[in-house]
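Below you'll find the structure, written out as structure tokens, and then a few comments.
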Amino acid sequence: MPWDFDTTRPIYMQLVERIKLMIVTGELPSGSKLKSVRDLAEEAGVNPNTMQRALAELERDALVYSQRTSGRFVTEDKELLAKMRDEFAEEKVKSFIESLMQLGYKQDEVITLIQHYLGGMK
């Protein structure tokens, strides 16, 4: 089933974000082999050249690497993966807090909401 894309942003960047998320969540585990460009492109419902561009971006970020005759693999660099996970979390928290501030919440109210929510998770 093709992936869903936002028409207001470049598809290759959305592919990069999606694959990064798959790596962070462990859907693509550290050290695992990626499918071929053609297979990934077919799965995502995009042109292979677009997928190739996204994978090249991930290689520049050192999140995936190529082995000449074996294909592409997810990095095994635990520090890099932890940093990427933290960046994703920061982005989500920032977006969440900005949304609440736009609704008129103050900082102490946001903290109270979070504490209340976390207290209910026990």
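Being part of a helix (DSSP H, G or I), in contact with a Leu (Cβ under 7 Å, 6 or more places away or on another chain) and at pLDDT 95 or above is the requirement here; does Ala41 meet it? In short, no. Determine if region 70-77 includes at least one residue that is farther than 16 Å from Met22 by Cβ, part of a helix (DSSP H, G or I) and free of Cβ contacts under 8 Å to residues at least 60 places away in the same chain. Within region 70-77 (the criterion being farther than 16 Å from Met22 by Cβ, part of a helix (DSSP H, G or I) and free of Cβ contacts under 8 Å to residues at least 60 places away in the same chain), the answer is no, since none of the residues qualifies.
Residues that are in contact with a helix residue (DSSP H, G or I) (Cβ under 9 Å, 6 or more places away or on another chain) and under 13 Å from Leu40 (Cβ atoms) within region 12-22 comprise Tyr12, Leu15, Val16, Arg18, Ile19, listed in sequence order.
Pairs only if they're at least six apart or on different chains, beta carbon under 7 angstrom, first in region 92-106 and of a type in the set (Ser, Thr, Tyr), second at pLDDT 95 or above and not in a loop (DSSP other than H, G, I, E, B); list them, first residue then second. Nothing qualifies. Against the conditions (1) more than 30 Å from Ile111 (Cα to Cα); (2) free of Cβ contacts under 8 Å to residues at least 40 places away in the same chain, Thr25 satisfies every one except (1).
Arg9 meets all of the listed conditions (1) closer than 21 Å to Asp86 by Cβ; (2) assigned to a loop (DSSP other than H, G, I, E, B) but one, namely (1).
The values are calculated or read from the model by the stated rules, or taken from the named source; none is laboratory data. Note that the structure is a prediction, hence the values are computed from the model and not measured. Note that we place each Cβ from the backbone using ideal geometry, even for glycine, and neighbour counts take in every protein chain shown.
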